[in-house]
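*Asks:* Pasting in a structure now, in structure tokens, and then I'll have a few things to ask.
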Amino acid sequence: MTSDIDRYRRAAKRLKKAHAAGEAEALARAAAVLPPDRLATLRHVDALHVIAREEGAESWPRLKLRIELHAATPEQRLRRLREALENGFHWAVREVLVAAPDLARADPGVAAALYDLPYWQAALAADPEAATREVEGAPPLCHLAFSRWVHGDGTGENMRALADLLLAHGADVNAGKPEPGGSGHMLSPLYGAIGHGNNMALGRWLLDHGADPNDGESLYHATELGHTEGLAMLLEAGATNEGTNALLRALDFEDIEPVRMLLDAGADPNEGVAAHPSGEPPMKASALHQAARRMRSGAVARLLIEAGASLTAPWDGRSPYATARVFGNAEVAQVIAEAGGETALSGPDAIIAEAAEGRVPTGRLVPEELSPETRTLLRGIIHLPGALPRVKALVAAGMEWDRSDDMGVPPVQIAGWEGLSEIMAFLLSLGPDLEHKNQYGGDLLGTTLHGAANAPDRAVRDHLGCVRLALEAGLPLYRGYLLFTGSEEIAGILADYAEAHPERVVDNL
């Protein structure tokens, strides 16, 4: 495998050198593949892309994966296929199935995730109980529900027909699978379809066939999708906000409509925060505090106040007004003040509010005198628009820049997960503990890769730059990370690094 990859890499170097020398053949080869704006100076990554296309692959990461798959064991290929199906890495699914077409029917779970109706028709004819027998710890309907193949090459028609078939043979629409990590919390097929897979057709099918809309996950995650279709169908089916934190999660995004929908359905803006069944420590803010700290608009704050949100309920010892000032949300602070809210600020809060305006405060913070929540404030503002000046101002004022939150996630890992390369670079310059692993088990690189696949704003963030920063900082490259990305460009960067620095590649976490 390495010799083949090295051969292609050497070919790319020769192409780049010949292109720089103006050789006609090299110029023509590059022009046949690349757009005009990438032809002035041929970058190494572009030369690799040309080589890959000449070898019949759509990109260099795909060519590398193809070579790696041919050298992999059947178990390694199968693991890659399962991960790609569940995480929506469609290009990787296609490459695995080209390298090993037989894996499409490796077991009933894979066949369900690929919506293989003929396979299941034959399997159930031979063994009707197969519809309820767990595969890899999950019933077949769960494998179908957690697959994102409907956004790849799968068809909605086959997906629904297979769901009908499994149901007819006894599949339970509420039988879930354990959440990773050993908490014992179960994830339902409904969550898999709506919250995980953004698969509205299957979500509606599940609800129509008796799925419980109050599964502790689906309503919360339906607020993250960038549309209200899933939220609407869950509320129509009787989902309630109580105990789900869905209203608070909706306030993480500026779209006012999900907030309005939840309030109209009876959500209490003063409910507070429910503990998650997985054991993850919850947020502690009420809805109005949440709107303030998530930089929501004044219109959202007015909507919450009209719905009865308290102007005085404390969070971490602060009023909603103080929370708005501390997080630099002048618009919500003004709405609260106009509604009659308390406007006093404590000494430390006045200092933090000054930093929130992007100015280095005249006062000095003493971390030991702050509440635990305030001591991790950086973690809560990193993702906000224009946060870098505020982060620098708070650090200059004495705020702890490497303090982890309740789940052991420090600010630099939050920056990586969010794909905020400028903030990550600043925090790295301060010398954080790069060996630190959070309670999810991730280090800085792993957390960044998880964000590249899952962060809500990943499409407009710089996760690629964050991956490069983590590698340049000397983070070990765990072999499993080479598989855990849906971005072909990031996959290529990781694979290139692994070849160039084999001493940094580690087998296991």
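*Asks:* Search the stretch 41-60 for residues that are hydrophobic (A, V, I, L, M, F, W, C) and pair each with any residue that is at pLDDT below 90 and not in a helix (DSSP H, G or I) when their beta-carbon atoms are under 7 Å apart and the residues are at least 6 apart or on different chains.
*Replies:* 52/59
*Asks:* Restricting attention to the stretch 395-454, report how many residues are touching a Pro at 6+ places or on another chain (Cβ under 7 Å), farther than 28 Å from residue 357 by Cα and aliphatic (A, V, I, L, M).
*Replies:* 1
*Asks:* Something else about it: Does the stretch 332-348 hold any residues that are under 26 Å from residue 397 (Cα atoms) and surrounded by fewer than 16 Cβ atoms within 10 Å (Cβ to Cβ), and which are they? Steps first, please.
*Replies:* Residues of the stretch 332-348 that are under 26 Å from residue 397 (Cα atoms), as a first pass: 332-334, 342-348.
Listed by number, the residues that qualify are 334, 342, 343, 344, 346, 347.
*Asks:* Would you mind stating whether residue 190 is surrounded by fewer than 22 Cβ atoms within 10 Å (Cβ to Cβ) and within 19 Å of residue 112 (Cβ to Cβ)?
*Replies:* Numbers: surrounded by fewer than 22 Cβ atoms within 10 Å (Cβ to Cβ): no; within 19 Å of residue 112 (Cβ to Cβ): yes.
Here the answer is no, as residue 190 does not meet what is asked.
*Asks:* Next up: Go through (1) within 13 Å of the chain's Cα centre (by Cα); (2) at pLDDT below 85 one by one and return the number of the condition residue 459 breaks.
*Replies:* Of (1) within 13 Å of the chain's Cα centre (by Cα); (2) at pLDDT below 85, only one is false for residue 459: (2).
*Asks:* What about residue 476, is it modelled with pLDDT under 90 and touching a helix residue (DSSP H, G or I) at 6+ places or on another chain (Cβ under 7 Å)?
*Replies:* Values: modelled with pLDDT under 90: yes; touching a helix residue (DSSP H, G or I) at 6+ places or on another chain (Cβ under 7 Å): yes.
For residue 476, the condition - modelled with pLDDT under 90 and touching a helix residue (DSSP H, G or I) at 6+ places or on another chain (Cβ under 7 Å) - is met.
*Asks:* Does residue 475 qualify as being outside any loop (DSSP other than H, G, I, E, B) and outside the structural domain of residue 63 (by TED's automatic domain parsing)? Even if it seems obvious, please write down each step before you answer.
*Replies:* On the way: outside any loop (DSSP other than H, G, I, E, B): no; outside the structural domain of residue 63 (by TED's automatic domain parsing): yes.
When the stated conditions are applied, residue 475 does not pass them.
*Asks:* Could you check how many residues of the stretch 216-239 are surrounded by fewer than 17 Cβ atoms within 10 Å (Cβ to Cβ) and not hydrophobic (A, V, I, L, M, F, W, C)?
*Replies:* Filtering the stretch 216-239 for residues surrounded by fewer than 17 Cβ atoms within 10 Å (Cβ to Cβ) gives 226-227, 229, 232, 236, 238.
Within this subset, residues satisfying the condition of being not hydrophobic (A, V, I, L, M, F, W, C) are 226-227, 229, 236, 238.
Looking only at that region, the number is 5.
*Asks:* Related question: Name the helices (runs of 4 or more DSSP H) wholly within the stretch 166-258 that hold at least 3 residues that are in contact with a Lys or Arg (Cβ under 9 Å, 6 or more places away or on another chain) and farther than 26 Å from residue 309 by Cα? So that I can check it myself, show each step before the final result.
*Replies:* Working: elements: 200-208, 218-222, 229-236, 246-250.
Answer list for the stretch 166-258: 200-208.
*Asks:* Among the aliphatic types (A, V, I, L, M) and without any contact (Cβ under 8 Å) to a residue 24 or more places away in the chain - does that describe any residue in the stretch 140-163?
*Replies:* Within the stretch 140-163 (the criterion being among the aliphatic types (A, V, I, L, M) and without any contact (Cβ under 8 Å) to a residue 24 or more places away in the chain), the answer is no, since none of the residues qualifies.
*Asks:* Tell me which of these residue 18 doesn't satisfy, since it passes every other one: (1) touching a residue at least 12 places away in the same chain (Cβ under 8 Å); (2) in contact with a helix residue (DSSP H, G or I) (Cβ under 8 Å, 6 or more places away or on another chain); (3) of a type in the set (A, V, I, L, M, F, W, C).
*Replies:* The single condition residue 18 does not satisfy is (1).
*Asks:* Go through (1) surrounded by 23 or more Cβ atoms within 10 Å (Cβ to Cβ); (2) in the same structural domain as residue 439 (by TED's automatic domain parsing) and name the single condition residue 353 misses.
*Replies:* Unmet for residue 353, out of (1) surrounded by 23 or more Cβ atoms within 10 Å (Cβ to Cβ); (2) in the same structural domain as residue 439 (by TED's automatic domain parsing): (1).
*Asks:* If you don't mind, another one. Would you pick out the residues in the stretch 112-134 that are of a type in the set (A, V, I, L, M) and over 12 Å from residue 158 (Cα atoms)? Full working, then the answer.
*Replies:* The first filter runs over the stretch 112-134 and keeps only residues of a type in the set (A, V, I, L, M), leaving 112-114, 117, 122-126, 130-131.
Selection gives 122, 123, 124, 125, 126, 130, 131.
*Asks:* If you don't mind, another one. Check the stretch 377-384 and report whether any residue there is over 22 Å from the mean Cα position of the chain (by Cα) and in the same structural domain as residue 474 (by TED's automatic domain parsing).
*Replies:* Among the residues of the stretch 377-384, not one is over 22 Å from the mean Cα position of the chain (by Cα) and in the same structural domain as residue 474 (by TED's automatic domain parsing), which makes the answer no.
*Asks:* Among the listed residues 478, 440, 497, identify the single one that is in contact (Cβ under 8 Å) with a residue 60 or more places away in the chain and aromatic (Phe, Trp, Tyr). Full working, then the answer.
*Replies:* Working: 478 fails: in contact (Cβ under 8 Å) with a residue 60 or more places away in the chain; 497 fails: in contact (Cβ under 8 Å) with a residue 60 or more places away in the chain.
Sole residue among the options that is in contact (Cβ under 8 Å) with a residue 60 or more places away in the chain and aromatic (Phe, Trp, Tyr): 440.
*Asks:* Here is a follow-up. Using the structure shown, decide if residue 105 is basic (Lys, Arg), surrounded by 14 or more Cβ atoms within 10 Å (Cβ to Cβ) and touching an Asp or Glu at 6+ places or on another chain (Cβ under 8 Å). Don't jump to the end; show me each part of the working.
*Replies:* Working: basic (Lys, Arg): yes; surrounded by 14 or more Cβ atoms within 10 Å (Cβ to Cβ): yes; touching an Asp or Glu at 6+ places or on another chain (Cβ under 8 Å): yes.
Here the answer is yes, as residue 105 does meet what is asked.
*Asks:* Counting only residues that are of a type in the set (Gly, Ala, Ser) and surrounded by fewer than 22 Cβ atoms within 10 Å (Cβ to Cβ), which one in the stretch 198-215 is farthest from residue 271 (Cα to Cα)? Before you say what the answer is, go through the steps one by one.
*Replies:* Restricting attention to the stretch 198-215, the residues satisfying the condition of being of a type in the set (Gly, Ala, Ser) are 201, 203, 210-211.
If we keep only those that are surrounded by fewer than 22 Cβ atoms within 10 Å (Cβ to Cβ) too, we end up with 201, 210.
Numbers: 201: 32, 210: 28 Å.
Ranking the qualifying residues of the stretch 198-215, first place goes to 201.
The values are calculated or read from the model by the stated rules, or taken from the named source; none is laboratory data. Just so we're clear, the structure is a prediction, and the values are computed from it rather than from any experiment. Note: ideal-geometry Cβ built from the backbone for every residue, glycine included; neighbour counts use all protein chains shown.
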